[in-house]
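Visitor: Once you've had a glance at the structure underneath, I'll fire off some questions.
Bear in mind these aren't lab numbers, they're just calculated from the coordinates by the rules spelled out. This one's a predicted model, so the numbers in the text were calculated from it and none came from an experiment. A quick note on method: Cβ atoms are made from the backbone with ideal geometry, for glycine too, and the neighbour counts reach across all protein chains shown.
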Amino acid sequence: MMYEFYRFPEGAVKSGTPISIYLKIMRRAALSPYFCTENERLPMKWISFEKGFDLYKLIFTPETGLYFFNFKTNNTELSGGQITVYDKNFKTPDWIYGGLIYHIIVDRFCRSGDTPIRGDVIFHENKDDTPLFLPDENGIVKNNDFFGGNLKGIEERLDYLSSLGVTAIYLSPIFKSYSNHKYDTGNYFEIDPMFGTESDLVSLCNEAKRHGIRIILDGVFSHTGDDSVYFNKYGNYDSVGAYQSDLSPYRSWYNIRSRNDYDCWWGISTLPTVNKNDPTYIEFIRNVLVYWQQRGISSWRLDVADELTDPMLDNIRDAAKAKNPESIIIGEVWEDASNKTSYGKRRHYLLGNQLDSVMNYPLREGIINFVKYSNAESLKTCIETLMTNYPPPVINCLMNILGTHDTARILTIFGTDKTFSSKTEMAEFSLSKEEYSLAVKRLKAASFLQFFLPGVPSIYYGDEVGMEGLIDPFNRKFYPWGKENEEILSHYKKISEFRKKTEIFKDGLYKTEYATGGVFIFTRYDEKDNLTFATNVSSSPHLLFTRIYDMLNGEYTDTLNPYGFVIYKTPQERTLNEQKGFKIT
């Protein structure tokens, strides 16, 4: 049965917004179509007939929630879609709009001055070393090798980050713990001594603020370390840990069946899982949030947000916003966060009472598939799905990533499709000269999209200077100070400067103009401006519809060269109403 459906307004809507639903269906017999959600079946009203098609309409006024809909007519069910309805009072802090996030693993970025080196760690004097990856004699990878990066080192490099256009620094965990990655928290109220002191963090926050930069901390609240104040498996802390005694004040935080049988994160015994619904634990984390925000922290990225319960997420938002309404809560969610199901339950991260933003892994995959495999159609689908499903306040502050500490370096991804049989093979791998050259071209095209599509770009430290590396720990090498790829760095500074001086990136709307093969063209626009962005990742030139002035490179052209990209004023005038939704004529 031939049919089409439309709705206005499009995309996610505020609660209480009337939505006009239109169903255009080929006439075959008398029909009585219904608009159906999971809980409602509403009749649609016939309004016109033209060229063999009946047009039906319904005005649907939903409250906050997620609605999956379809149409039913006689004995036929017609597919539909998703409507995200968010709290009408939902607002995300606009200081991040149009900004740029820089993601740092503290131990691997920069060292300044002397900091204490624990006696039980392996310290790399040579910053070019490959991080250790082989298990010890007991078959355990201890993650106890360090390069000496610290908070003072980050403060020392604020001028560099400012020159890159950075407006927020996201720090991987900084609290005291055994490992180099710090996702095994030992004490939520203490900075790891190898990273510095509490006063060092306060100083970094204050100095960053003078540079127009805010600090985002990594909140790891789904599990702790077994070597922690709270679990204290090895007795290294002056506390009665949950592992040591049923009378421990932390005992209700964990599910412990016996000394060697307890719930742990992904089966890793060093990371005992926490009972996220335990009221004493929730109250404890509320205090953690407030404590560090009082010392200058701006916002939080929540590790494995889909493993945190709704009550916990509600409390995290409440505590963070109570102290600082401008705090942003960013969740680690790898899928479409608007309709994510975890642990058998539909989540409601983005409806206005939990997260402000998420790490945009779907867009990352869309960009990679386009740049490597010339799949513009899949990128179009990816972007337009996110634009449909995510509330505008979320879209404006989405954390648009190409690389993170959990992925291979983006340059390496763009340079090779090789598979590896062992970590030893991974450790020894680097791109050939030809692979590296191709990867740089692809990275430039990918970052062009990352910076100018809706959301806020996030640079994983060193991606902007050409760092290579496969999966953890080879993606976590020390920043190559003095050995940067200046070509790549110059490119990042160029697109960052354009982004910084153009208001349209704060909350400008989006429209796909062309998406075929290796060519992707889109428009960003608002009441004042219309800009078009075009890139070609194929091996053949693409002729533009007319000669244009490329605002990024300062020259006239009528051709998109292979791996080229241009920015130009949208040639034809287009009103906002014409772009916002379906119009019945």
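Visitor: From the Cα gyration tensor of segment 17-65, with a ≥ b ≥ c the square roots of its eigenvalues, which class applies: rounded if a/c is under 1.5, or else prolate if a/b is larger than b/c, or else oblate?
Guide: Prolate shape, in that a/c is at least 1.5 and a/b is the bigger ratio.
Visitor: Taking the number of other C-beta atoms within 10 Å as the exposure measure, put Arg524, Arg259 in order starting with the fewest.
Guide: Placing the least packed residue first, the sequence is Arg259, Arg524.
Visitor: Go ahead and run the numbers for FRET between Phe68 and Asn126, Cβ-Cβ distance against an R0 of 45 Å, rounding to 0.05. Intermediate values should be presented prior to the final figure.
Guide: Numbers: r = 55 Å, r/R0 = 1.23.
Here the calculated transfer efficiency is 0.20.
Visitor: For segment 399-464, what is the per residue volume of the convex hull drawn over the alpha-carbon atoms, in cubic angstrom?
Guide: It comes to 93 Å³ per residue, whole-number rounded.
Visitor: For the pair Met2 and Lys441, what calculated FRET efficiency results from E = 1/(1 + (r/R0)^6), where r is the Cβ-Cβ distance and R0 = 45 Å, to the nearest 0.05?
Guide: Computed FRET efficiency for Lys441 and Met2: 0.55.
Visitor: Work out the length of the dipole vector of the chain about its Cα centre, built from +1 on the beta-carbon of each Lys and Arg and -1 on the beta-carbon of each Asp and Glu, and round it to the nearest 20 debye.
Guide: With Lys and Arg at +1 and Asp and Glu at -1, about 1960 debye.
Visitor: Could you tell me what fraction of 2.2 N^0.38 Å the Cα radius of gyration of segment 3-86 comes to, as a two-decimal ratio?
Guide: 1.07
Visitor: P(r) for segment 225-264: what percent of alpha-carbon pairs falls in each 5 Å bin, starting at zero?
Guide: P(r) over segment 225-264, rounded to whole percents: 6, 30, 38, 22, 3.
Visitor: Within the chain, what percent of beta bridges assigned by DSSP are antiparallel, to the nearest 5?
Guide: The antiparallel proportion sits near 70 percent.
Visitor: Still on this structure, please answer the following. Using the C-alpha atoms of segment 509-580, what convex hull volume per residue, in cubic angstrom, is computed?
Guide: Per-residue hull volume (Cα only) is 84 Å³.
Visitor: Sticking with this structure for a sec: Mind sorting Met2, Met26, Met467 by how few other Cβ atoms lie within 10 Å of their own Cβ, fewest first? Each step should come with its number before you reach the end.
Guide: Working: Met2 10, Met26 13, Met467 25.
Ranking Met2, Met26, Met467 by Cβ neighbours within 10 Å, fewest first, gives Met2, Met26, Met467.
Visitor: So if I place +1 on the C-beta of Lys and Arg and -1 on the C-beta of Asp and Glu, and nothing else carries charge, what would the dipole magnitude of segment 348-486 be about its Cα centre? I want it in debye, nearest 20.
Guide: For segment 348-486, the charge dipole is close to 120 debye.
Visitor: For Asp529, put the label point 7 Å out on the Cα→Cβ axis and report which residues of segment 409-453 keep their amide N under 18 Å from it.
Guide: Zone members listed by number: 448-453.
Visitor: Would you list Leu350, Leu509 from fewest to most Cβ contacts within 10 Å?
Guide: Sorted ascending by nearby Cβ count, the order is Leu509, Leu350.
Visitor: Grab the DSSP H runs of the chain that are 4 residues or longer, score each as -39,500 (n - 2.57), total them, divide by all residues and round the 222 nm result to the nearest 500 deg cm²/dmol.
Guide: It lands at -7000 deg cm²/dmol.
Visitor: Something else: Over the C-alpha atoms of the chain, what are the Rg and the largest Cα-to-Cα span, Dmax, in Å?
Guide: Answer for the chain, Rg first and Dmax second: 25.8, 83 Å.
Visitor: A further question on this structure: Quick one: length gained pulling Ser20 to Asn138 fully straight, 0.36 nm per residue minus the C-alpha distance? Don't skip to the end; give the middle numbers.
Guide: On the way: separation 118, 0.36 × 118 = 42.48 nm, distance 6.47 nm.
Full extension of this stretch gives 36.0 nm more.
Visitor: With point charges of +1 on the Cβ of Lys and Arg and -1 on the Cβ of Asp and Glu, referenced to the Cα centre of segment 113-163, which listed residue (Leu151, Gly139, His124) lies farthest in the positive direction of the dipole?
Guide: The residue sitting farthest along the positive end of the dipole is Leu151.
Visitor: By Kyte-Doolittle mean hydropathy of at least -0.5 and Cα axial length of at least 18 Å, which whole DSSP H helices of the chain are selected?
Guide: Values: long enough: 198-210 (19 Å, -0.61); 279-293 (21 Å, 0.21); 310-323 (20 Å, -0.88); 376-389 (20 Å, 0.07); 433-452 (29 Å, -0.01); 486-500 (20 Å, -1.15).
Helix filter hits for the chain: 279-293, 376-389, 433-452.
Visitor: Ok, one more. Could you size up the charge dipole of segment 12-130 around its Cα centre, putting +1 on the beta carbon of Lys and Arg and -1 on that of Asp and Glu, and report it in debye to the nearest 20? Present the calculation step by step, with values, prior to reporting the outcome.
Guide: Details: 15 positive and 14 negative charges, 208 e Å.
Computed about the Cα centre, the dipole is about 1000 debye.
Visitor: While we're on this one: What per residue convex hull volume, in Å³, do the alpha-carbon atoms of segment 219-354 yield? Walk me through the intermediate numbers first.
Guide: Numbers: hull volume 15.5 nm³, N = 136.
Taking only Cα atoms, segment 219-354 has a hull volume of 114 Å³ per residue.
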